[in-house]
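Down below is the structure, laid out as structure tokens.
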Amino acid sequence: MALLSQEDQNFLRDHFAKSLQADVTLVFFTQHESKLTVPAQQCRYCKETGELLQEVAGLNDHIKVESFDFVKDADKVQEYGVDKIPAVVILGPQSKGVKFYGIPSGYEFSTLIEDIVEAGTGDSHLGAPTKEELKKVAEDTHIQVFVTPT
Amino acid sequence: MAHQMATENPHIRADVIEASEFPHLVQKYRIMGVPKTVVNESVQFEGAVPENRFLMEVMKAQKKKQ
């Protein structure tokens, strides 16, 4: 069964068609299922996150999903600086630093959609003074925002 | 908003983290409420804040580094 309702799919298809101009890749880090699972190492929402990304990608040709295994694909884990799963890196022509850890559900689903559109247009929609001030950031800065599903 | 800032400057990395899936981080940063934002381990603030306040906190983290 699809995670997204028909109504949501139609809305998003239309929204993406209007706004996306460039390709956006959702780089997904997950855990491949094995018959043997160790409870402490079980990734709780990896499967659902993967399904959700596939459904979103199915709505527009500009959106692609690349999946990697957190354990087996150590080179990719390092390349993208991923340290937990499920992880989604939203990769656009200009954006590389945008990540989601955990399933983007509830209110965070709309954040994911906005992120895809921003990555695909390169426009953050921040105010001009903010953009100007951010140009001064010359050192690596790591922002972590903790949220819960609502 | 953190994600928007990361779009503007390649030096900025922004993670949105589902707190309930990563309890060890909730403990590490003593998270009592969400949204909670941590910048470079040095600046922390709680709540959804307006753009200028968010920016101020990010810039504060820059000064602490120098």
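The values are calculated or read from the model by the stated rules, or taken from the named source; none is laboratory data. The structure displayed is predicted, hence computed values, not measured ones. Keep in mind that these areas ignore ligands, DNA and RNA; they rest on the heavy atoms of the full protein, side chains included. Shrake-Rupley method; radii C 1.70, N 1.55, O 1.52, S 1.80 Å.
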- Note on the structure: Everything considered on the Cα gyration tensor (a ≥ b ≥ c; rounded for a/c under 1.5, else prolate if a/b is larger than b/c, else oblate), the protein assembly as shown must be described as oblate
- Message: Per residue of segment A:95-102, what does 6.51 cos²θ - 1.76 cosθ + 1.60 with θ = phi - 60° give for ³J(HN,Hα)? Whole Hz please, x for Gly and Pro, Karplus curve as stated.
- Response: 9, 10, x, 9, 9, 10, 10, x
- Got the relative contact order for chain A handy, in percent, Cα pairs under 8 Å and 6 or more residues apart? 28 percent
- Take B:Glu51, A:Glu7, A:Glu108 and sort them by solvent-accessible surface of the protein heavy atoms, 1.4 Å probe, largest at the top. A:Glu7, B:Glu51, A:Glu108
- Please label the shape of segment A:1-103 as rounded, prolate or oblate, based on the square roots a ≥ b ≥ c of the eigenvalues of the alpha-carbon gyration tensor (a/c under 1.5 means rounded; beyond that, a/b larger than b/c means prolate, else oblate). oblate
- Query: Helix B:51-65 sits at what angle to the longest principal axis of chain B, using alpha carbons and giving 0 to 90 degrees rounded to 10?
  - Reply: 90 degrees
- Rounded to the nearest 100 Å², what's the accessible area chains B and A bury against each other, both chains counted, probe 1.4 Å? 4300 Å²
- Message: Running a GNM on chain A with Cα contacts under 10 Å, which residue among A:Leu126, A:Leu112, A:Leu59 ends up with the highest mean-square fluctuation?
- Response: A:Leu126
- Item | From phi via Karplus (6.51, -1.76, 1.60), per-residue ³J(HN,Hα) for segment A:8-20 in Hz, x at Gly/Pro | 5, 4, 4, 4, 5, 4, 5, 4, 5, 4, 6, 10, 7
- Task: Return the calculated 222 nm mean residue ellipticity for chain A, to the nearest 500 deg cm²/dmol, obtained by summing -39500 (n - 2.57) across DSSP H runs with n ≥ 4 and dividing by the residue count.
- Result: -11000 deg cm²/dmol
- So for segment A:1-145: antiparallel DSSP bridges make up what percent, rounded to the nearest 5? 55 percent
- Divide by every residue of chain B the summed helix terms, -39500 (n - 2.57) for each DSSP H run of at least 4, and state the resulting mean residue ellipticity at 222 nm, rounded to the nearest 500 deg cm²/dmol. -12000 deg cm²/dmol
- Message: Expected output is a single nm value to one decimal: the length gained when fully extending between A:Asp69 and A:Ala128, i.e. 0.36 nm times separation in residues minus the C-alpha distance. What is it?
- Response: 17.3 nm
- Using Cα pairs closer than 8 Å and at least 6 residues apart in sequence, work out the relative contact order for segment B:2-65, in percent. 19 percent
- Task: Calculate what fraction, in whole %, of the accessible area of segment A:61-150 sits on carbon and sulfur atoms when a 1.4 Å probe is rolled over the protein chains.
- Result: 52 percent
- Using the Kirkwood radius built from alpha carbon pairs, what does the Stokes-Einstein equation give as D for segment B:2-65 at 10 °C and 1.306 mPa s, in µm² per second? 126 µm²/s
- Task: Using the structure shown, select from A:Lys84/B:Lys28; A:Lys131/B:Lys28; A:Lys76/A:Lys136; A:Lys135/B:Lys28; A:Lys47/A:Lys99; A:Lys99/A:Lys135 the pairs with a Cα to Cα distance greater than 23 angstrom.
- Result: A:Lys131/B:Lys28; A:Lys76/A:Lys136; A:Lys135/B:Lys28
- Item | A:Phe28 accessible area, assembled protein chains, probe 1.4 Å, Å² | 10 Å²
